[in-house]
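K.L.:
Below is the structure I would like to discuss, written out as C-alpha cells.
Read the figures in this text as sums done on the coordinates, not as results from a lab. The shown structure was predicted, so the numbers you read here are calculated from the model rather than taken from an experiment. Backbone-built Cβ (ideal geometry, glycine too); neighbour counts: all protein chains shown.
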C-alpha cells in the first residue's frame, strides 16, 4: 500500500499540512510583534537626572561640612552648644524636606526618595546627639560624623550622575 493511501483523508487534501502551521503562526504573530516592539523600546526603571536635586544635595553637603567644621574648630566654646545651633538644625531640616518634596514629585524616583529619607534620619540622629552633649559634640567625633554625611550626600549625587549618564536604565 502506498504511503499516500495510508494517510488519513484529511492529510491527503492539498495544503492540509500548512493549515495548522498557519494557524499557529497566526496566533504567534501578535506575540512576536509585541516582543520585537518591546525590544526596540526603552524601558525606564528610574527617573531621569534632576539637576535641581544635584545642586540641592551639593549645597546641603557644603552646609553640613561648614557646620561640622565650626563645631570642630570651636570645641569647648559656648558657640558649639545645641542651644546656639538650633537655627542650623531647623534650616537643615527645611532643606532636606524641600529636596524630599521635589524628589517625591518625580515619577520613578524611589531610590532618591529613600536616600533622602536616610539623610533626614542621619540629621535627626546628629541633632539628638547634640542635644545629649549640651556643651557640644566632642571634636574627636566630628570626623566620623563628617564622613557619614559625605557618604550619604555622595551616594545621592552618584545616583543622580549615573542617571545623567544613562547608566540606570
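K.L.:
Using a Förster radius of 22 Å, what is the FRET efficiency between residue 52 and residue 131 based on their Cβ-Cβ separation? Nearest 0.05, please.
P.N.:
So, using R0 = 22 Å, E works out to roughly 0.10.
K.L.:
How far is the Cα center of segment 97-117 from the Cα center of segment 57-87, in Å?
P.N.:
The two parts, judged by their Cα centres, are 26 Å apart.
K.L.:
Give, in nm to one decimal, the length gained when the segment between residue 77 and residue 29 is fully stretched (0.36 nm per residue of separation minus the Cα-Cα distance).
P.N.:
Contour length minus the Cα-Cα distance gives 9.5 nm.
K.L.:
Moving on to the next point. Let a ≥ b ≥ c be the square roots of the eigenvalues of the Cα gyration tensor of segment 34-169; is it rounded (a/c under 1.5), or, if not, prolate (a/b larger than b/c) or oblate? Walk me through the numbers on the way to the answer.
P.N.:
Values: a/c = 3.46, a/b = 2.88, b/c = 1.20.
Taking the square roots of the gyration eigenvalues as a ≥ b ≥ c, segment 34-169 is prolate.
K.L.:
Let me ask another. Order these by the 10 Å Cβ neighbour count, fewest first: 132, 96.
P.N.:
132, 96
K.L.:
Going by how many other beta carbons lie within 10 Å of each one, how would you line up 122, 81, fewest first?
P.N.:
Details: 122 18, 81 14.
So the residues, fewest neighbours to most, are 81, 122.
K.L.:
Ranked by Cβ crowding within 10 angstrom, fewest neighbours first, how are 156, 24, 106 ordered?
P.N.:
24, 106, 156
K.L.:
Once fully extended, how much extra length lies between residue 147 and residue 164, figured as 0.36 nm per residue of separation less the alpha-carbon to alpha-carbon distance?
P.N.:
Additional length available on full extension: 3.6 nm.
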